[in-house]
1. Of all the residues that make up the range 72-104, how many are in a loop (DSSP other than H, G, I, E, B) and among the small types (Gly, Ala, Ser)?
2. If you check Pro95 against the conditions, is it closer than 14 Å to Ser33 by Cα, at pLDDT 75 or above, buried (at least 19 other Cβ atoms within 10 Å of the Cβ) and not aliphatic (A, V, I, L, M)?
3. Identify the residue in the range 14-33 that is farther than 18 Å from Asn57 by Cβ and in contact with a Phe, Trp or Tyr (Cβ under 8 Å, 6 or more places away or on another chain) and, among all such residues, is modelled with the lowest pLDDT.
4. Pairs only if they're at least six apart or on different chains, beta carbon under 8 angstrom, first in the range 142-154 and touching a residue at least 24 places away in the same chain (Cβ under 8 Å), second of a type in the set (Lys, Arg) and surrounded by fewer than 19 Cβ atoms within 10 Å (Cβ to Cβ); list them, first residue then second.
Amino acid sequence: MQELYDHGEAFDKVLAENLDEQSKDRVGKDFPSLLLIDGGQGQGKTTLMTHVIDYVNKINGLPPASLKISEHPQVSMGGKEFIKHFNICRKQGLPIIGYDEAGDFSKRGSLTRFNAMLNRRFETIRSSNIIVVFCLPNFNVIDNNLFELQVIRGLLHLHSREITGNYGNYDAYSAYQMGWIRHWFDKLPKPRKHTCYDKSYPNFMGHFKNLDPVRVA
């Protein structure tokens with residue numbers, strides 16, 4: 001069985017409290033609610049995305065999301081699938097959907113298509129009352145227009161899992177703090193761009209557990 005924190009969740013209490021606020025205070029008021037999760041390979045982006053979806057489902061009286069994409073629209077791998085599943089979630093009144101880049105950005109022109117899709121669907125996302133969670137290798141791939149429109153509400157940056165091993169680590173940044181990170185990403189030379197996160201102190205930090213083996217079997 002999966003180990004849980006004292007409050008019964010797979011991630012620490014401060015993240016749960018922030019998700020409560022996101023779910024209850026912003027959704028239903030026609031504000032855009034897009035949460036980003038980024039980090040290198042093996043840092044647990046899909047794991048944390050799944051925990052977040054499960055938690056928002058739980059506080060809305062719904063069961064955990066199935067990780068079999070054919071069975072559940074709340075998990076999507078790639079842009080085309082996200083568009084299809086977003087429409088299903090909207091029709092079914094589901095409170096949250098996750099997108100895992102799933103290698104999309106290794107394809108030529110994929111970044112341009114990804115940003116164009118987000119810009120086109122901004123009004124739909126804004127008025128849908130659905131929390132959208134994106135897993136990306138680096139949030140700086142998103143174009144400036146989406147920040148100017150205040151679509152993005154925050155970032156969970158994952159790191160150092162190779163050190164901690166059986167659990168993941170995140171730093172949480174507000175949209176304001178993300179602006180400073182983006183500023184330094186543009187300023188730093190290419191070999192040091194990954195240090196842009198160090199230029200802004202996170203709003204809070206925390207950890208999350210691995211998925212229950214039963215979920216990933």
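1. So the first thing to find is which residues in the range 72-104 are in a loop (DSSP other than H, G, I, E, B), and the list is 72-74, 78, 93-95, 101-103.
Checking which are among the small types (Gly, Ala, Ser) leaves us with 78, 93, 102-103.
So the count comes out to 4.
2. Working: closer than 14 Å to Ser33 by Cα: yes; at pLDDT 75 or above: yes; buried (at least 19 other Cβ atoms within 10 Å of the Cβ): yes; not aliphatic (A, V, I, L, M): yes.
Yes: the conditions hold for Pro95.
3. Per the stated criteria, the residue is Pro32.
4. So the pair list comes out as Phe147/Arg182; Val151/Arg126; Arg153/Arg26.
Residue-by-condition table, conditions (1) small (Gly, Ala, Ser); (2) buried (at least 17 other Cβ atoms within 10 Å of the Cβ); (3) in a loop (DSSP other than H, G, I, E, B):
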site	(1), (2), (3)
Gln41	no, no, yes
Leu48	no, yes, no
Asp54	no, yes, no
Gly61	yes, no, yes
Lys68	no, no, yes
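The values are calculated or read from the model by the stated rules, or taken from the named source; none is laboratory data. Note that the structure is a prediction, hence the values are computed from the model and not measured. Don't worry about glycine lacking a Cβ; one is built from the backbone with ideal geometry, like all the others, and counts go over all protein chains shown.
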